[in-house]
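See structure below.
The values are calculated or read from the model by the stated rules, or taken from the named source; none is laboratory data. If you're wondering where the values come from, they're calculated on a predicted model, not measured in any experiment. Glycine also receives a Cβ, built like all others from the backbone with ideal geometry; neighbour counts cover every protein chain displayed. The area values use the complete protein model at the heavy-atom level, side chains included, leaving out ligands, DNA and RNA. Shrake-Rupley method; radii C 1.70, N 1.55, O 1.52, S 1.80 Å.
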Amino acid sequence: MFSKPDSALVIVGHGSTLNPDSSGPTWGHADAIAQLGAFGEVHCAFWKEEPSLRQVLHCVNKREIYVVPNFISEGYFTQTVIPRELGLDGPQTNVAGRTVKYCAPVGSHERMTDLLLKRAAAVAPGVSPKETSLFIVGHGTGLNDNSAVAAKREVERIRALGIFGEVIAAYMEEAPFIAKWDELSTQPNVVVVPFFIADGLHSYEDIPVLLGIASTSPGAASATGAGVFAQNPYRLRGRTLFYANSIGTEEGFAEVILDQVAAFDAAAA
Amino acid sequence: MMDTNAALADWLDKGGRQIGQITIAKSADGWELRHIDDVGREDLCLYTITADARQLANLDDAGAYRALKTAPNLRHGWRLVLPDVATVHSALDAFYPAMIGVQLARERGELTPVNLRDTLARQTGMYRVTQKLTDEQAQSLIADSCRCDGGCLKIILWRISEELPVNSLPAEKFTVRGQNEWPLLCHEACNILVAGARKVVKGEPKEG
Ligand code: SF4
C-alpha cells in the first residue's frame, strides 16, 4: 500500500436529508482508510449533508487533495455536480492554492466484480452457485446516471466467470423489472444484491416490496429497515431467495477507494 | 497554514468554551463535551470515543434524523469525555461538520461568502428551477428555514444578491458573538435551503 502523509483524501458521497444511514458506509470507508494511515488527512463530503462540497476544502490542511466519488457509476453527479461544486475543470485543478486530483468513482473499478461475488457468497453460504440465479439490481430510469450500464457491465463480467447458474441485471424502474424476478430466473436459489452505494429507502423498502418479501413501504427508511436482511432465506414463489445489503456497505470499498487514487497516479505518471 | 488542531487548542487555551449547543469543559481526563442545557446534570450517559459523536449528532431527542447538524435540536442526556484536542476536534467535526475549518478560513481571509442568487444560478438538473424564486419568496423561505429558533444556528454571511440583504431575520442572525463561542458560519446557502427553494417555486408543501 502507498503512503501519502502530505496528501489529503476526500471521499464524496451523495448523503440524504431523509435517511440517517445513507452516509454511514462513506464514513465507514473513511474511518478504515484513516486507520491504515495511508493519507495525512481523510475527509468526507456530501451533496445532501455536511460537510458539503462547498465547505470541505476549507477543512483540509494539506495542499494536495485526492477526491474519490463514492458513487456506483460515472454520471450526473460525478461529471456535473461534484466538479461544479468543488470548482474543478479537469482531472487536476488548482483550487485556491491547492491541487485537487479528481479520481474515478469507486463503482467503475474492476474490483467491484470481486466484491459482488464476495457479497453473493456471504449472503447464501453453502448454496451451490450453479443452482443459483444471481440478480444485480440497479435503479434504472429516473436517476440521471449510468448505474444501469454499470450493473449490466458487472453482470457480463460475472457471467463470463461461469460460476453461477444465471446472472441477471434487473431494475426497479425499467425492464427487466426486479418485481418479475421469478419469471426472469430459472434456478431454485435466487440471490439478490442491490447495486447501490448505501442502504436506504431502496434497499430497505422499495426492493423488498418489489421482491414480495415485505409489504408496502411504511414510509421513510429507518434503522429498523435493516431487519429485512436478518430473515434470509425467504421461501416464496417456489424458490429460495437470499437478499443482500447494498454492495456499497461492503468493507472492501475502502481498498477500492485507495485503488482509484493509485489509478489516478498511474494515469498521471 | 496553521494546523487546525493547533488553532483549536489556542482557542480552548484562551477560554473558548461553547460551540452551538455544546459546552466544553476541562476535566481530569482531558475535555468534556455536553449539551449546554445539561450543565449541572449528574445523570448523563458517558461516552468516551469520537466515533460516538457521530451517533450522538445523528438523531434528536425523539430519535428523528438530524439532516442539518446546526439545527437547534441536538439531543440531550450524554457527556463525551475525550483525552486531547485532536479528539475534541474530531468530535466537533461530527457534531458541527466543517465549522472549525470554515471559521479558520474566515480568519485567514479565505472565506468568500456566496450570495443566494449565485448559488441558485449555479444549480443544474432538478434544482435549476430555483432560479425562478422571487426576492419575496426568498426572504420568507430564509425567515422560515434559517431562523435560530427552530431552524438553524448558523450565522448567515451571504446576501440574497449584491443589492439585496436578507431582511427577514433579526440582526443577531448575521452577527458573530463573543470570543468564547466558536461561530457556526453559513457562507453559502445549504442544499436544504436550495431544496426548499425548489418546493416554493413548484408550489409543493413544505414538509414531505
Ligand atoms: S442556508 Fe445556512 S443558515 Fe440557512 S439553514 Fe442552511 S446552513 Fe442554516
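Observations on the structure shown:
- Filter result for B:Asp84 (at pLDDT 95 or above, in contact with a His (Cβ under 9 Å, 6 or more places away or on another chain), in the same structural domain as B:Lys26 (by TED's automatic domain parsing) and more than 19 Å from B:Val200 (Cα to Cα)): no
- Checking each residue of the range B:30-51 against the condition of being touching a Pro at 6+ places or on another chain (Cβ under 6 Å), away from chain A (no Cβ under 14 Å), open to solvent by less than 30 Å² (accessible area, probe 1.4 Å) and over 24 Å from B:Val194 (Cβ atoms) gives at least one match.
Residues checked against (1) free of Cβ contacts under 8 Å to residues at least 24 places away in the same chain; (2) open to solvent by 30 Å² or more (accessible area, probe 1.4 Å); (3) more than 9 Å from the ligand (Cβ to nearest atom); (4) within 18 Å of the chain's Cα centre (by Cα):
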residue	(1), (2), (3), (4)
B:Ser168	no, yes, yes, no
B:Glu172	no, yes, yes, yes
B:Val176	yes, yes, yes, yes
B:Glu181	no, yes, yes, yes
B:Leu184	no, no, no, yes
B:Asn191	yes, no, no, yes
B:Gly196	no, no, no, yes
B:Lys199	yes, yes, yes, no
B:Pro205	yes, yes, yes, no
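- B:Thr134 open to solvent by 50 Å² or more (accessible area, probe 1.4 Å) and within 14 Å of the ligand (Cβ to nearest atom): no
- Of all residues making up the range A:31-52, the number that are farther than 17 Å from B:Arg54 by Cβ and within 9 Å of another protein chain (Cβ to nearest Cβ): 1
- Only residues that are within 16 Å of the ligand (Cβ to nearest atom) and either not assigned by TED's automatic domain parsing to the domain that holds A:Ile33 or not in a helix (DSSP H, G or I) (or both) were counted across the range A:45-86, and they come to 11.
- Set B:Arg75, B:Arg66, B:Arg54: member being more than 14 Å from the ligand (Cβ to nearest atom) and at the interface with another protein chain (Cβ under 9 Å from one of its Cβ atoms): B:Arg54
- Output for the range A:93-132, where each listed residue is among the β-branched types (Val, Ile, Thr) and closer than 27 Å to A:Gln79 by Cβ: A:Thr93, A:Val95, A:Thr99, A:Val100, A:Val106, A:Thr113
Table: residues versus (1) within 25 Å of A:Glu251 (Cβ to Cβ); (2) at the interface with chain B (Cβ under 9 Å from one of its Cβ atoms); (3) hydroxyl-bearing (Ser, Thr, Tyr).
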residue	(1), (2), (3)
A:Val12	yes, no, no
A:Asn19	yes, yes, no
A:Lys62	no, no, no
A:Ser73	yes, no, yes
A:Phe77	yes, no, no
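- Residues in the range B:90-110 that are under 26 Å from B:Asn73 (Cβ atoms) and open to solvent by 20 Å² or more (accessible area, probe 1.4 Å): B:Ser90, B:Asp93, B:Arg106.
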